[in-house]
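Throughout, read-outs are computed from the coordinates displayed, never taken from laboratory work. Every value quoted in this text rests on a predicted model; they were computed, and no experiment measured them. Positions of Cβ are backbone-derived with ideal geometry, glycine not excepted, and every protein chain shown enters the neighbour counts.
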Amino acid sequence: MDTPNLITITNSEAVKADHCWINLESPSKTEIQQISKQFSISQFSLSSVFENEETSRVNFNNNEQETTTILLQYPKYETSPLGYLTHSTFPILFVITKHSIITVSNHPASFIQHFVMNQSSLKGMINNYENFTAKLIWFITKDFVTALDKTATQMDLLEKQLTSATENEQIYQIMAIQKTIIDFKSSLAQNQAVIDDISNSHKIFSTDDLSNIIAAVALKNAQAMTMAQTQGEILEQYSNMVSSVVSNNLNDVMKVLTSLTLIMTIPTIIGGIYGMNVNLPGARLVSAFTLLMIFTIVLCLITYLILRKRKYL
């Protein structure tokens, strides 16, 4: 069988090609109806990708006339409202028919671009629809690992910032990364259940070569799950750590401010005492003001040195 041709649906014209890959991104109702009618696929199945919380699943064909549908979660790069790098997951549907492969998603999928650009993979490994689909699924798991690598880089940068954390910015960064990790853990667990169903079934991907690809997919997905679990645990420690660091740094700031306030209070006290209408030592001297200023400065300097020695400044 020849390598399938890629057809991206951008309008409502009928697709007449056999042995093709039809990729629908954010399809309209007209396009859904068109594909449903032409390939005898339920509109409900094709429209399932519009629900971002749709659960991963697989429905095997029972005879040659029916299709196999696989719904999985894939990662997508996004920017949070506060401007931080995050990833969200969305469903993508694979429909394997007798003469074509159909992929349906409500958002652009970067793994498809990576797949299409990998010409060596297209030429060397994709010689039938099941192999083609298995390789696409492998690219999904690879994208999860890539996204988690980016998250790990974010966490390394965040760790360097924790030593000087005095504001809420680091907490917001942790919240953004935690949202990604929680989303990934849920999606990877759902995908793992589907991969297990595929591995345990002999209805599709049953040849040795395909079994090897699915085994590689399972290993890659397990790697992503381990990475997500580890990063989630580290983030919990970061969350506790940043609170302690912020508290300690604020304590340091308060110590400095308190010490400066204490030093600045000395001239006020001395000036207040000598401003009273009572007889005080040296009050009638011509150089009383100069001596008083020198005494005040020396006393402030001594206080400063004492506070500095005790590391309050």
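What angle, in degrees between 0 and 90 and rounded to the nearest 10, separates the Cα long axis of helix 129-161 from the longest principal axis of the Cα atoms of the chain?
Compared with the principal axis, the helix lies near 0 degrees.
Can you put Ser26, Ser48 in order of Cβ neighbours within 10 angstrom, beginning with the fewest?
Fewest-to-most Cβ neighbours within 10 Å comes out as Ser26, Ser48.
What is the fewest-to-most order of Arg284, Arg57 by other Cβ atoms lying within 10 Å of their Cβ?
Ascending Cβ contact count within 10 Å gives the list Arg284, Arg57.
R0 = 41 Å: FRET efficiency of Gln43 with Ala222, Cβ-based, nearest 0.05?
Efficiency, from the Cβ-Cβ distance: 0.70.
Residue farthest toward the positive end of the dipole of the range 168-253, with Cβ of Lys/Arg at +1 and Asp/Glu at -1: which of Ile213, Ser201, Gln173?
Positive-most Cα among the choices belongs to Ser201.
Where does each of Leu72, Leu301, Leu158 land when they are ranked from fewest to most other beta-carbon atoms within 10 angstrom?
Ranked by crowding around the Cβ, least crowded first: Leu301, Leu158, Leu72.
Going down the table (Lys160/Lys185; Lys150/Lys220; Lys37/Lys142; Lys255/Lys309), which pairs top 22 Å between alpha carbons?
Check vs 22 Å cut-off fails for Lys160/Lys185; Lys37/Lys142.
Assuming R0 = 51 Å, what is the FRET efficiency of Asp209 and Ser244, from their Cβ-Cβ distance, to the nearest 0.05?
0.45
With each run of n ≥ 4 DSSP H residues scored as -39500 (n - 2.57), what mean residue ellipticity at 222 nm is computed for the chain after dividing by its residue count and rounding to the nearest 500 deg cm²/dmol?
Computed mean residue ellipticity for the chain: -21000 deg cm²/dmol.
Can you pull the percent of Cα pairs in the chain with separation above 27 Å?
In whole percent, the share of Cα-Cα pairs in the chain beyond 27 Å is 58.
Any idea what angle helix 288-309 forms with the longest principal axis of the chain, computed on alpha-carbon atoms, 0 to 90 degrees, nearest 10?
For 288-309 against the chain, the angle is about 40 degrees.
By how many degrees, between 0 and 90 and to the nearest 10, does the Cα long axis of helix 169-200 differ from the longest principal axis of the chain?
The angle comes out near 20 degrees.
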